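One structure is given here, and the rest of the page talks about it.
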Amino acid sequence: MAANQRQYLVGTVKPTNRPEAGQEIDLDEKIPASIKYVTLTMNFTRGTEEEFSTSMPGYEAKAAELAKMGADLVRPSGAPPFMLLGYQREQELISGWEKKYGVQMFTSGQNHVRALRVLGINRFVGASYFPEKMNNVFARYFIDAGFQVLAMEGIDSPFAEVPKVPPEQILEFMKRIAAKHTDADGIYMLGSAWKTLEIIDPLEKALGLPVVHAGPARCWETQLRLGLQLPMPGYGRLLAEMPG
């Protein structure tokens, strides 16, 4: 640990005020390094395309605020607002913010793309807690990033109630989707609000496929961006092996 005693500052722009990390283990806090976290929020309440589509000025203002604090890394989180821009436009936007504010950044979508690629996933089945129209947007984003999206289905739950969806229900839902697409080489779950950490290892073992989900993926890339590579078993292959 002696080589990692430097103090890091990581800033996050969260999409909502829901205590999502508090619903289960906060993987960020388990990284065995000295990291201070600062969190700002967009305070989304409806989870609609209309709400997300006007959010970029707010995201940029908060990212700029975190950069001014001296953050080593800024994470504008919440996949839907940025995926609505499209894969290429998101790349251009974040690259522009990095140059403008002098700090490295990654969005949830960029993070998930990198996690899928490093795990060698090309064809995946996915799920979210958003309606069909939004799931089609997410699928197009990943298709434009070079993946084959075999399915992108939604669990039926009101946006505000998503943290209450039982993990066992999510596990069975993912198994059913995977059973319909036996040529998939990976599983993807979009959205930080549902409780999934306890099902990632069992899902990988049951299906024999790697799983990408927001919490572990964010923790994995945060480490790599800070020059760390400290495996954290128990939350899926990505964090256990720390590839990259």
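Right, Ala79: farther than 24 Å from Pro167 by Cβ and in contact with a helix residue (DSSP H, G or I) (Cβ under 7 Å, 6 or more places away or on another chain) or not? Steps first, please.
On the way: farther than 24 Å from Pro167 by Cβ: no; in contact with a helix residue (DSSP H, G or I) (Cβ under 7 Å, 6 or more places away or on another chain): yes.
It is false that Ala79 is farther than 24 Å from Pro167 by Cβ and in contact with a helix residue (DSSP H, G or I) (Cβ under 7 Å, 6 or more places away or on another chain).
Only residues in region 53-65 that are of a type in the set (D, E, K, R) count as the first member; pair them with residues that are surrounded by 12 or more Cβ atoms within 10 Å (Cβ to Cβ), Cβ under 7 angstrom, at least 6 apart or cross-chain, and list the lot.
Final answer for the pair search is Glu60/Trp97; Lys62/Val13; Lys62/Leu40; Glu65/Leu40.
If you take the residues in region 100-120 that are under 16 Å from the mean Cα position of the chain (by Cα) and among the aliphatic types (A, V, I, L, M), which one is surrounded by the most Cβ atoms within 10 Å (Cβ to Cβ)? Talk me through it step by step, then tell me what you get.
Of all residues in region 100-120, those under 16 Å from the mean Cα position of the chain (by Cα) come to 105-119.
Then keep just the ones that are among the aliphatic types (A, V, I, L, M); that gives 105, 113, 115-116, 118-119.
Working: Met105: 22, Val113: 22, Ala115: 26, Leu116: 24, Val118: 19, Leu119: 22.
My answer is Ala115.
Select, from Phe106, Phe82, the only residue that is under 29 Å from Leu9 (Cβ atoms) and touching a Gly at 6+ places or on another chain (Cβ under 6 Å).
Numbers: Phe106 fails: touching a Gly at 6+ places or on another chain (Cβ under 6 Å).
None of the others qualify; the one that does is Phe82.
Count, please, the residues in region 213-228 that happen to be in contact (Cβ under 8 Å) with a residue 40 or more places away in the chain and either touching a His at 6+ places or on another chain (Cβ under 9 Å) or assigned to a helix (DSSP H, G or I) (or both).
Counting residues in region 213-228 that are in contact (Cβ under 8 Å) with a residue 40 or more places away in the chain and either touching a His at 6+ places or on another chain (Cβ under 9 Å) or assigned to a helix (DSSP H, G or I) (or both) gives 11.
Within region 28-65, which residues are assigned to a helix (DSSP H, G or I), at pLDDT 90 or above and either in contact with an Asp or Glu (Cβ under 9 Å, 6 or more places away or on another chain) or not charged (D, E, K, R) (or both)?
Matches in region 28-65: Met56, Pro57, Gly58, Tyr59, Ala61, Ala63, Ala64.
Looking at region 85-102, can you tell me whether even one residue there is touching a Leu at 6+ places or on another chain (Cβ under 6 Å) and either of a type in the set (Val, Ile, Thr) or within 19 Å of Ala214 (Cβ to Cβ) (or both)?
no
With (1) of a type outside the set (Val, Ile, Thr); (2) surrounded by fewer than 19 Cβ atoms within 10 Å (Cβ to Cβ); (3) touching a Phe, Trp or Tyr at 6+ places or on another chain (Cβ under 7 Å) as the list, and Glu90 as the residue in question, which single condition is left unmet?
All conditions are met except number (2).
Do the conditions hold for Pro243, that is, is it of a type outside the set (Asp, Glu), outside any helix (DSSP H, G or I) and surrounded by fewer than 18 Cβ atoms within 10 Å (Cβ to Cβ)? Before the answer, list the steps.
Values: of a type outside the set (Asp, Glu): yes; outside any helix (DSSP H, G or I): yes; surrounded by fewer than 18 Cβ atoms within 10 Å (Cβ to Cβ): yes.
So Pro243 passes the test.
Of everything in region 125-143 that's exposed (fewer than 14 other Cβ atoms within 10 Å of the Cβ) and charged (D, E, K, R), which residue is farthest from Glu51 (Cα to Cα)?
Checked region 125-143; the qualifying residue farthest from Glu51 (Cα to Cα) is Glu132.
Given the condition modelled with pLDDT of 95 or more, of a type outside the set (Gly, Ala, Ser) and part of a strand (DSSP E or B), answer yes or no: does some residue in region 195-212 qualify?
Within region 195-212, one or more residues are modelled with pLDDT of 95 or more, of a type outside the set (Gly, Ala, Ser) and part of a strand (DSSP E or B).
Out of all the residues in region 145-166, which are out of contact with any strand residue (DSSP E or B) (no Cβ under 6 Å at 6 or more places or on another chain), surrounded by 16 or more Cβ atoms within 10 Å (Cβ to Cβ) and not in a loop (DSSP other than H, G, I, E, B)?
If the condition is that a residue be out of contact with any strand residue (DSSP E or B) (no Cβ under 6 Å at 6 or more places or on another chain), surrounded by 16 or more Cβ atoms within 10 Å (Cβ to Cβ) and not in a loop (DSSP other than H, G, I, E, B), then Val149, Phe159, Val162, Pro163 are the ones that fit.
Take Ala115 and tell me if it is assigned to a helix (DSSP H, G or I) and within 14 Å of Val13 (Cα to Cα).
Working: assigned to a helix (DSSP H, G or I): yes; within 14 Å of Val13 (Cα to Cα): no.
Spelling it out, it is not the case that Ala115 is assigned to a helix (DSSP H, G or I) and within 14 Å of Val13 (Cα to Cα).
Surrounded by 22 or more Cβ atoms within 10 Å (Cβ to Cβ) and either more than 26 Å from Tyr37 (Cα to Cα) or modelled with pLDDT of 95 or more (or both): is that true of Ile187 in this structure?
yes
The values are calculated or read from the model by the stated rules, or taken from the named source; none is laboratory data. Quick caveat, the model's predicted, so the values are computed rather than measured. Quick reminder, even Gly has a Cβ in these numbers, built from the backbone with ideal geometry, and neighbours come from all protein chains shown.
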